[in-house]
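Derivation of every value follows stated rules applied to the coordinates shown; laboratory data play no part. The structure presented is a predicted model; accordingly, all values stated were derived computationally and were not measured. Reconstructed Cβ throughout: ideal geometry from the backbone, glycine too, with neighbour counts over all protein chains shown.
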Amino acid sequence: MTGAHGDEHRELREQLGAYALGHLTGAERDRVRAHLDGCADCRAELADIAPLAARLAAVDPRALDETPAPPPDLGARVLTRIAEERRRQVVPLRRAAVRRRALSAAAVAGVAAAGGVVGWLVRPVPDPPPLEPVAVQAVEPGVRATADLVPHTWGVEVKLTGTGFADGEVFRVAVTDDDGREVPAGEFVGIGAAELRCNLNSSVLRDDAVAFEVVDASGAVVVRSEF
Ligand SMILES: [Zn+2]
């Protein structure tokens with residue numbers, strides 16, 4: 001990759017680990033998120049490291065009293081190393097899934113081997129669900145929106161953030177499954193220029209979900225996302 005996008009891609013790719021761990025400032029996070037919207041490579045990489053990041057982020061420091069604390073940036077460094085390893089490997093498509101699983105195991109072993117953290121990883125801590133950023137297309141002028149998906153056992157959750165949803169108007173959200181069914185995921189009231197953060201739940205499982213739409217009171221599509 002060359003040019004401005006290539007430079008940005010290289011630079012932001014190294015921040016994916018810190019992003020997944022929630023270690024970036026608001027401005028850095030917005031930049032990574034904007035890049036993710038347009039870069040399928042980085043989205044795929046984030047999807048790979050998100051589960052490990054979730055485990056690292058779930059560690060309760062109070063459970064470590066008899067264990068030396070790992071350096072605060074250890075998680076981000078491990079994830080950066082994984083990203084570098086992946087970049088060096090050219091994996092034939094058919095073997096990619098197998099290799100990916102092997103890498104995840106290697107990554108966990110690498111964290112454990114980093115010293116003093118074996119007991120830290122194997123302690124039973126509940127995993128927070130991983131976030132999966134998806135590309136969002138704002139159909140209506142003046143609306144801006146981003147979204148993350150959370151795969152639950154009971155269905156997929158859409159975490160929607162946006163501005164420009166008309167003040168006081170009711171918006172409906174539906175998730176489309178792979179049979180083309182549109183399943184309601186809830187409603188919200190627009191708050192105009194203020195930033196809206198809204199969690200919408202649908203009974204469509206993540207594996208079956210292919211898109212979601214936000215429609216206004218007249219049924220017109222305001223925001224659309226396909227994944
Ligand atoms: Zn990228």
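Listed values, structure above:
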{"read-out": "Taking Ile82, Ile49, Ile191 and counting other C-beta atoms within 10 Å, the order from fewest to most", "value": "Ile191, Ile82, Ile49"}
{"read-out": "Amide H within-cut-off set for Val223, under 5 Å, with H built and near neighbours excluded", "value": "Val139, Val214"}
{"read-out": "Relative packing of 32-38, 180-186, 158-164, 5-11, which averages over residues the other C-beta atoms within 10 Å, highest first", "value": "158-164, 32-38, 180-186, 5-11"}
{"read-out": "Relative contact order of the range 181-227, defined on C-alpha pairs under 8 angstrom at six or more residues apart (%)", "value": "27"}
{"read-out": "R0 of 22 Å, Cβ-Cβ distance Arg29-Val210: FRET efficiency to nearest 0.05", "value": "0.25"}
{"read-out": "Mean Cβ neighbour count within 10 Å, used as a protection proxy, ranking 12-23, 140-151, 206-217 highest first", "value": "12-23, 206-217, 140-151"}
